[in-house]
Amino acid sequence: MSHLDDEVLQFIERAQDGLRSASAKSLRSLTHRLLEQEDDALSDDDLQMVVSVSMKERFFEEVDAFLESMNVANRLSSKNRLDLAQVSIELGRYGSGIALLDVLGIEFADDPDLFAEAKGISGRAHKDLFLNALKGNRVAAKLHLEKSLQRYKEGCTGAAEKRNWLIGNLLAVGTRARIEGFELPFELDLDALADEIEESTSRLPEEDRGFYVWSSLAEARISREDWSGASDAVNAMLATKDVDVFKLSSTLRQFKTVWALPRSTEEAKLLVTGLERTVLIQANGEVHMDASDIRRQRQTDESDLEAQFSNALLRGRGWMLKFLEMGNSIVSVVDLHSGEVRGTCCIVNGGDLAPQLEGTLLGLTNDHVVSEYPQEYETLRPLRPQDAAVRFTLSDNPKQDYEIDEVIWSSPFRHHDACLFSFKDTLPIETSNFELIKYLPPAPQDPPAEVFVISHPNPDEPSYSFQNTDLLMHDGDTRGADTLLPGRLHYTTGTIKGSSGGVALNAKLKMIGLHHAGSEQMERIDGEPGFHAANEAIWIVAILNAFRADFEQGRTRSSTAEQAS
């Protein structure tokens, strides 16, 4: 096996294990080799494996550049051109994706399989645009509705094995159109479509039914409000050999946005709730949940969910509900003037920090997010307290701004990177549900201890990160539990821009750190030379020790790190 073969296998292993940062680095290396056209250039099989895994694991931004490098090197297959269009649509570039698909639909006229796929992806693009336009532009919505239905109908003349997938989409979009009061552009017998899916599925032996066969059958039964039958189809779908996070995410999106199941019956809501939890346990699973989704998850009758999802793919339900509940104490930090989201803040109980603060709720974020000393930062400066507010997006008033009253204590980025403050008004929660603990899991160990992160990079809902959760290392053992120095934790748990100030939790969902940074070139903290890809949190015990030492002396800006060193 060549060095290049090793690189391809390394990328695949990293991607399938959810190591997004590390796999992205491998993909950049492979892209460089492809563009340089080295002697040991990637084989066609290598290229297709890399693209296939990237698509299945939803690495759309990463594979976008790789596909473009394949295009430059004249190495794109016909299927890869469909991949390019698919990635454009996934990244929101609908215009370029649809334009390419229109061309491919003509070019693939003699290839039933590629023709059906091109029409189906185009139908999906117009379906998305139809749903988006429903929010305020019904003229545009009608246009994209007509194009979506037309593309799905055209695709049905292609490969027979893709017909159920296309008919399922015709059924879903047609049903939603009628609910929204739109006249369909051509005669569409929705009951007959559901019948055809049932009949064609019955003719296929169960062992030959793949993921999309079962998902289409679930949609046929959803159209008839046969919730028991739909549940059976979904369970069979989850047990197929070809299940992957791309297909799961696509089906969840269909259930939520096209069929609007969260607004339907309790049985329908259970389908969505269980599928959300199933997606979230995948290595690269990601689900966006707004306040109504969180409420639905919390209010779910767990015995009903257990009965409906017999495949045991769900993580421990009590753990999951507790994890979601913690989102109440995670808020977004916004610019009070523009409303722009600038970071994350966790709400803590004042009594956990000092007896004098008992009965108060305080905000804890990074100093590089909110600071009384913005002049200390050369690049993107933090918000001044008087210019910042927080929003409880899971509350009944998700857009309400809660302004900062005063900064109680802070420590600069190079030390604990923390800012603790009080609020002017009463908050919409009575207590924080974060439990601060002193001990840290051993690291490294095999298997690695886990770190989970809750943050608020999105404007409308918290982000729950619990894939690829390895705790790589920490310096808590060398610092000791009485340290005034900023102990640090390094982990692989994925976060995105805007997560600074989020909470790092152990496997028992107890707070061990304040998330503040991440890099592919993070300096190691285990005494070994070199760098590695990691996210970093400041040990909560170190923050508490520094705060208490300064608080007792009446200091509001950290000086303990200098004294300790």
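No lab work stands behind these numbers, since they all come straight from the coordinates. The structure presented is a predicted model; accordingly, all values stated were derived computationally and were not measured. Cβ: placed from backbone, ideal geometry, glycine included. Neighbour counts: every protein chain shown.
For the chain, what's the relative contact order in percent, using C-alpha pairs closer than 8 Å and at least 6 residues apart?
With pairs under 8 Å counted, the relative contact order is 9 percent.
Neighbour counting of Cβ atoms within 10 Å sorts the residues CYS346, CYS156, fewest neighbours leading, into CYS156, CYS346. Need one word for segment 369-463: rounded, prolate or oblate. Basis is the Cα gyration tensor (sqrt eigenvalues a ≥ b ≥ c); a/c below 1.5 gives rounded, then a/b vs b/c decides. Since a/c reaches 1.5 but b/c is at least a/b, the shape of segment 369-463 is classed as oblate.
For LYS438, the lysines whose Cα comes closer than 30 Å to its Cα, not counting residues fewer than 8 places off in the same chain, are LYS322, LYS497, LYS508, LYS510. In the chain, the DSSP-assigned H stretches of four residues or longer account for a calculated mean residue ellipticity at 222 nm of -14000 deg cm²/dmol, using -39500 (n - 2.57) per stretch and the full residue count as denominator. By the count of neighbouring beta-carbon atoms within 10 Å, fewest first, THR300, THR478 end up ordered THR478, THR300. Starting from segment 409-515, pick out the trypsin sites (Lys or Arg not before Pro) whose DSSP state is loop and whose Cβ has at most 16 other Cβ atoms within 10 Å. Hits after loop and neighbour filter: ARG414, LYS424, LYS438, LYS497, LYS508, LYS510. Loop-located GluC sites (Glu not before Pro) in segment 362-395 (DSSP state other than H, G, I, E, B) with a sparse environment of at most 13 neighbouring Cβ atoms within 10 Å: GLU378. Under the criterion of Cα pairs below 8 Å and six or more residues apart, the relative contact order for segment 3-231 equals 11 percent. Extension gain for ARG414-GLU358 works out to 17.2 nm (0.36 nm per residue, less the C-alpha to C-alpha distance).
For GLY343, the residues whose modelled amide H falls within less than 5 Å of its own, excluding neighbours fewer than 5 places apart on the same chain, are VAL333.
Rounded if a/c is under 1.5, else prolate if a/b beats b/c, else oblate: with a ≥ b ≥ c from the C-alpha gyration tensor eigenvalues square-rooted, which is segment 420-565?
Oblate is the answer for segment 420-565, as a/c is 1.5 or above yet b/c matches or exceeds a/b.
Rounded, prolate or oblate for segment 49-158? Axes are the square roots of the Cα gyration tensor eigenvalues, ordered a ≥ b ≥ c, and the cut-off for rounded is a/c under 1.5.
It is oblate, given that a/c is not under 1.5 and a/b is not larger than b/c.
Among the GluC sites (Glu not before Pro) found in segment 388-467, those both in a DSSP coil and sparsely packed, with 15 or fewer other Cβ atoms within 10 Å of their Cβ, are GLU430, GLU435.
Within the set (i) 25.3, 86; (ii) 25.8, 80; (iii) 23.8, 83, the number that Rg and Dmax of the Cα atoms in Å takes when calculated for this structure is listed as (ii).
Per-residue Karplus couplings for segment 384-397, computed as 6.51 cos²θ - 1.76 cosθ + 1.60 with θ equal to phi - 60°, are listed in order as 6, x, 6, 9, 10, 8, 10, 10, 8, 6, 9, 8, 6, 10 Hz, Gly and Pro entered as x. Shown for segment 3-231: lysine pairs separated by 8 or more places, or found on different chains, whose C-alpha atoms are under 15 Å apart, numbering 11. Here the contact order of segment 327-565, divided by its residue count and restricted to Cα pairs under 8 Å and six or more residues apart, works out to 19 percent. The phi-based Karplus calculation (6.51 cos²θ - 1.76 cosθ + 1.60; θ = phi - 60°) puts the 3J(HN,Hα) values of segment 485-499 at 7, x, x, 10, 10, 10, 8, 9, 3, x, 9, 10, 3, x, 8 Hz, whole numbers, x for Gly and Pro.
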